[in-house]
1. When only residues in the stretch 376-419 that are in contact (Cβ under 8 Å) with a residue 60 or more places away in the chain and of a type in the set (A, V, I, L, M, F, W, C) count, which is farthest from Val538 (Cα to Cα)?
2. Could you list all residues from the stretch 350-404 that are charged (D, E, K, R) and within 13 Å of Thr22 (Cβ to Cβ)?
3. So Leu180 ticks every box in (1) surrounded by 21 or more Cβ atoms within 10 Å (Cβ to Cβ); (2) more than 22 Å from Gln75 (Cβ to Cβ) but one. Which box is left unticked?
4. What number of residues in the stretch 139-168 are at pLDDT 75 or above and of a type in the set (A, V, I, L, M)?
5. Name the pairs: first residue in the stretch 454-480 and among the basic types (Lys, Arg) and buried (at least 20 other Cβ atoms within 10 Å of the Cβ), second residue part of a loop (DSSP other than H, G, I, E, B) and modelled with pLDDT of 90 or more, Cβ to Cβ under 6 Å, at least 6 apart or on different chains?
6. For residues that are in contact with an Asp or Glu (Cβ under 9 Å, 6 or more places away or on another chain) and among the aliphatic types (A, V, I, L, M), scanning just the stretch 537-551, find the one that is surrounded by the most Cβ atoms within 10 Å (Cβ to Cβ).
7. Kindly indicate which of Glu692, Glu622, Glu603, Glu618 is modelled with pLDDT under 75 and farther than 20 Å from Ser576 by Cα.
8. In the set Ser209, Ser193, which member is small (Gly, Ala, Ser), in contact with a Phe, Trp or Tyr (Cβ under 7 Å, 6 or more places away or on another chain) and either assigned by TED's automatic domain parsing to the domain that holds Phe41 or modelled with pLDDT of 80 or more (or both)?
Amino acid sequence: MIDAHRQAFIEEASELLAELETTLLELESVPDDQEIIAKVFRALHTIKGSSGMFGYDDITMFTHDIESVYDYIRQGKIKITKEIIDLTLAARDQISIMLLPQGAGEDVDIKMTSKIIESFRNISNKVNKDKDQTPKIEDKSAVEITSKENFSSKTYRIIFKPSRDIYASGTNPVLLLNELYGLGDSISISKCSDIPLLENINPEKCYLSWEILLKTTKGIDAIKDVFIFVEDECELKINEFDTDNKLSKEEDFEDFRKLVYDLADLKEPDLQNLILGFESSSQQNDLLHNNFESKKTKEIPQTHHEADTVSSIRVSADKLDELVNLVGELVTIQARLSQIALSNMDPSMISVSEEVERITWSLRDSALNIRMLPIGTTFSKFKRLVRDLTKELGKEVELTTEGAETELDKTVIEKLNDPLIHIIRNSIDHGIESPVEREANNKNRVGKIQLSASQSGGNVLIKITDDGKGINKDVIKDKAVKMGLTQENSDLSDSEIFSFIFAPGFSTAKKVTNVSGRGVGMDVVRRAIDSLRGTVEVSSKLGLGTTITLKLPLTLAIIDGLLVKIEDDNFVLPLSHIEECVELSKADIEKSHGRHIVNIRGEIVPYVNLRERFDINELRPEIEQVVIADIKGMRVGFVVDSVIGQHQTVLKTLGKAYKNVEGVSGATILGDGTVALILDIIKLAEKEEFEEKNK
């Protein structure tokens, strides 16, 4: 259980760090926004508090000084500067490394962490240098209440009722109470009325609740910050008492005595069972903590959801993958059941198979929807990348996003991170000009890069657009000729020229830098997008900018395909690319004089003969079928013997022995148990085009 809780903490802390990074970048734009400042403070406070609960003492100590600085910022004693933002971002990176197990990633930079802590302490010292120190209390034997700071204090009544399942998240309520006691002088009353009989006690449940009187100078926000990590796992009510905090020591003590009387609704003799004494001390253990049961406690109003209400749960990615795999197997079995029912022509069996099909499709959609995530979670990561790169390259760039709510399969999103990083790096390094150069060309000195996402049928379109200098086609072609990728006198379209930038080792950078010049980057983009069964296109206008468009499937697990047949072999073509099917007769073949083209309503369309491509040597039928597909904006046909119809395909990867087979992206099992190959029609079309040009 401990390991599971720690893993849950790591996941939640990682999410907090990602949110912290985004919030810091927002704060840099609006440094006086108190709401954003409070958001940064809460994130740091939560990371600090929760890390201590799970044994990450290095993170707790490291975060303490950073949190203190942001507390001063929140109070208006320090102004946000670029230096503070830089330091906090660097600290965020160090905390992220500290979360990793030893040997699982890069080691923590001790010199860097020491430098960061020293820098934050220096910032705090500038505030504290003129601050009066808290006087020491010589006589601790007297029963008194002394304010911990020379500021007016306030008294709060706090009702804290944890949910029964709070231990499951790894939270220890006592640690929260200890942190609360550190804010001032307090009386704590444990409520034990909900504890069941011994034989009914579950040791993993929390049955206690607390009512606390707290006298503090910190304010209500500091109290709320203590419970920020568990606010959805407890009932919490905080009321301020309007008391006179300038009373004498004896009167002050009596005032607290009356507050306890009102709080517990007890008779005067019962108060004798309480030790109503307070000692001013910086040590939490010196503060009073009395436990007793009150049968007449007033009803506590609920300010949160019921303890047993759960709005969401955290599920591991492996369990989701297993669910989708099982649903995939169910889809295959359902197809087989439907085929058997139709072949037997049994009305009752057909009725059952149709009902199973309906439920299976609904289950498939539900399982896939669970894996869908908004792409905005990935988009937000790149603001930090743009900030760091512009600082390194001496440029000014603004990143905007659009369509962040567009959803994609989590597997696609995970594999999309690296390609987008390479594209954005390229846009900043090669595309966006320096501020001086942009002003000389009557452009705004701040360059713009836009990340946008939109859904198009069964695909998602992601566009990366910059308003830089664009791509010089002549430079690209000259470099391609030198690398032997094309002939100098070849007649190439713009898209063909731009496609050279994805060739391995291709680079137009004149010198090697930390960002570019080694010929590594855009070829990685092409390989990654190909592995996702997607396409990448480039359009550019010299002097105006460049747009790179990624077209990706919504999910990689189950696809809709068109089942076709050649002799006894079955193949599946992705339905998202298919436009229509036409017949191809021997007369049509003779008219083309042996060339792989077909006339469709006056339009000449090239085609790939799959029988020839896969060396199927049996006699061709009198009439074949041409499946017309849209490949990167061009219509391409694929010749097959017959078209069976639409087929819901569960994608299965091929073994290592077939990983280098071109034109095949996977396989699926049909209803009768036979195997059908899923074709990579984009690769097949590209190979056919290459061979045609070299004839």
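The values are calculated or read from the model by the stated rules, or taken from the named source; none is laboratory data. This one's a predicted model, so the numbers in the text were calculated from it and none came from an experiment. All Cβ positions, glycine included, derive from the backbone under ideal geometry; neighbour counts span all protein chains shown.
1. Filtering the stretch 376-419 for residues that are in contact (Cβ under 8 Å) with a residue 60 or more places away in the chain and of a type in the set (A, V, I, L, M, F, W, C), the one farthest from Val538 (Cα to Cα) comes out as Leu393.
2. Result: Lys381, Lys383, Arg384, Arg387.
3. (2)
4. Going through the stretch 139-168, the residues at pLDDT 75 or above turn out to be 154-168.
Restricting the remaining residues to those that are of a type in the set (A, V, I, L, M) gives 158-159, 166, 168.
So the answer is 4.
5. Filtered contacts from the stretch 454-480: Lys469/Glu433.
6. Looking only at the stretch 537-551, we keep the residues that are in contact with an Asp or Glu (Cβ under 9 Å, 6 or more places away or on another chain), and these are 538-540, 544-551.
Next cut, among the aliphatic types (A, V, I, L, M) only: 538, 544, 548, 550.
Values: Val538: 20, Leu544: 12, Ile548: 25, Leu550: 23.
Ranking the qualifying residues of the stretch 537-551, first place goes to Ile548.
7. On the way: Glu622 fails: modelled with pLDDT under 75; Glu603 fails: modelled with pLDDT under 75; Glu618 fails: modelled with pLDDT under 75.
The unique qualifying residue is Glu692.
8. Details: Ser193 fails: in contact with a Phe, Trp or Tyr (Cβ under 7 Å, 6 or more places away or on another chain).
Within the list Ser209, Ser193, the selection yields Ser209.
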